[in-house]
Amino acid sequence: MKKTDRRFADKMVEAFHTKKMTYARLSERLKLKGFEYTASQLFSIACHGTKADKDLQEAIADILGCLRKDIF
């Protein structure tokens, strides 16, 4: 992901307005799927271009209701 690629962050803003999805809530949902990420780590992935492995990307896309390629 390039640092200028903000698709994940933009999707989180959209999800907040439609579903009240925050990074903390996303973190809680990921814990149910077996991932241990804090809200700040997820924010870093979304806004600062920190790399996320493919499994994490798939889980985030599933929770947000989109395809992995749409946000990563």
**Item:** Of all accessible heavy-atom area on the chain, the percent that carbon and sulfur account for (1.4 Å)
**Value:** 52
**Contact order relative to length of the chain, as percent, for alpha carbon pairs under 8 angstrom and 6 or more apart** = 39
**Request:** Note the count of lysine pairs whose C-alpha atoms are less than 13 angstrom apart in the chain, limited to pairs 8 or more residues apart or on different chains.
**Result:** 6
**Complete:** Placing +1 on each Lys and Arg Cβ and -1 on each Asp and Glu Cβ in the chain, then taking the dipole about the Cα centre, the residue among 41, 16, 67 whose Cα reaches farthest towards the positive end is 16
**Fill in**
Result for the chain: accessible area per residue, probe 1.4 angstrom, in square angstrom, of 64
**Complete:** Counting every C-alpha pair in the chain, the percent lying more than 21 Å apart is 11
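The values are calculated or read from the model by the stated rules, or taken from the named source; none is laboratory data. Please read all numbers here as calculations on a predicted model, not as lab measurements. Because the Cβ atoms are built from the backbone with ideal geometry, glycine has one as well, and the counts that use them run over all protein chains shown. Side chains included, ligands, DNA and RNA excluded: accessible areas come from the protein's heavy atoms. Shrake-Rupley method; radii C 1.70, N 1.55, O 1.52, S 1.80 Å.
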